[in-house]
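Participant: One structure, as structure tokens, below. Some questions next.
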Amino acid sequence: MKKGFTLGEILIALVIVGIIASIMTPVLVNNFTSKSQVAALQSTYTAISNAVRLMLIDERASSIFKSSLYMESSENVTDTAGAFLKKYFKVTTDCETEPGECFAAAYKNLNAEDITLPKKGNAYCVGTSTGASICIEPPAAATKHVARVLTDINGPKQPNIAGRDLFLFYIYMDGFIGDRVSSTDNLSTCTGNTYGSGCFNRIINADWVMDY
């Protein structure tokens with residue numbers, strides 16, 4: 001005659017399953033969240049990269065310094081970065097020259113320190129149909145610097161943490177998009193930076209994995 005499980009044995013099994021679930025659930029949630037954030041970052045990066053490449057082809061320009069994204073001394077950010085964003089992206093929110101409602105009101109870095117986005121600057125900011133928000137500061141005649149890109153991959157939605165959903169990277173002369181040459185993928189560079197500069201390099205070098 002087969003012996004069934006006693007009530008005590010069933011309760012012990014349920015307790016063990018509950019303990020395992022309580023340990024594994026946060027790990028699984030964090031893993032899913034980081035993968036979702038990387039996927040959104042990769043999508044935004046690809047969209048910006050494709051837009052820059054298409055602009056160079058459309059304008060038969062050999063570099064961004066010879067394209068309409070380059071800001072001559074007589075031009076303004078609306079006619080350069082603003083025109084670029086409106087032409088190559090489906091803009092749902094036009095925040096013009098300040099983050100406004102395209103970005104969250106407050107952010108933190110990975111060290112849980114408060115960081116503040118500039119209220120108004122030399123960049124043009126929009127919210128896109130994919131949910132990402134993008135600010136582009138075009139290269140200017142006075143400085144010859146690369147174009148700077150600040151993006152929140154899910155707009156004003158949480159977590160609003162630099163290196164999780166807020167990233168800073170650059171468009172170089174030939175259209176290549178990446179972190180600053182001086183940025184490394186050291187965790188300290190990523191965690192303490194104001195806008196997540198260095199985190200992008202770390203994710204790229206880890207083959208699109210957020211390993212922090």
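Participant: Taking K35 as the residue in question, decide whether it is of a type in the set (K, R) and within 16 Å of the chain's Cα centre (by Cα).
Facilitator: Considered against the rule, which asks whether it is of a type in the set (K, R) and within 16 Å of the chain's Cα centre (by Cα), K35 comes out as yes.
Participant: Is there any pair linking a residue in region 97-125 that is more than 26 Å from L69 (Cβ to Cβ) to one that is among the basic types (K, R) and at pLDDT 90 or above, with Cβ under 9 Å and at least six apart or on different chains, and which?
Facilitator: Matching pairs, first to second residue: A104/K157; L110/R164; D114/K108; I115/K108.
Participant: Given (1) in contact with a Lys or Arg (Cβ under 9 Å, 6 or more places away or on another chain); (2) surrounded by fewer than 23 Cβ atoms within 10 Å (Cβ to Cβ), identify the lone condition not met by A140.
Facilitator: (1)
Participant: Can you name the number of the only condition in (1) modelled with pLDDT under 95; (2) of a type in the set (S, T, Y); (3) under 15 Å from S49 (Cα atoms); (4) surrounded by 18 or more Cβ atoms within 10 Å (Cβ to Cβ) that T151 fails?
Facilitator: (1)
Participant: Filtering region 123-137 down to residues that are surrounded by 16 or more Cβ atoms within 10 Å (Cβ to Cβ) and of a type outside the set (A, V, I, L, M, F, W, C), which residue is farthest from V52 (Cα to Cα)?
Facilitator: Per the stated criteria, the residue is G131.
Participant: Out of the residues in region 72-82 that are part of a helix (DSSP H, G or I) and among the β-branched types (V, I, T), state the one that is surrounded by the most Cβ atoms within 10 Å (Cβ to Cβ).
Facilitator: Filtering first and then ranking leaves T80.
Participant: All but one of (1) in contact (Cβ under 8 Å) with a residue 24 or more places away in the chain; (2) farther than 14 Å from P138 by Cβ hold for F65, so report the exception by its number.
Facilitator: (2)
Participant: A follow-up question, please. Taking region 129-169 only, how many residues are free of Cβ contacts under 8 Å to residues at least 60 places away in the same chain, within 18 Å of L85 (Cα to Cα) and of a type in the set (S, T, N, Q)?
Facilitator: Of the residues in region 129-169, 2 are free of Cβ contacts under 8 Å to residues at least 60 places away in the same chain, within 18 Å of L85 (Cα to Cα) and of a type in the set (S, T, N, Q).
Participant: Please pick out the residue among L56, L85, L69 that is crowded, with 17+ Cβ neighbours inside 10 Å and assigned to a loop (DSSP other than H, G, I, E, B).
Facilitator: Residue meeting the stated conditions: L69.
The values are calculated or read from the model by the stated rules, or taken from the named source; none is laboratory data. None of the values given here were measured: they were computed from a predicted structure. Backbone-built Cβ (ideal geometry, glycine too); neighbour counts: all protein chains shown.
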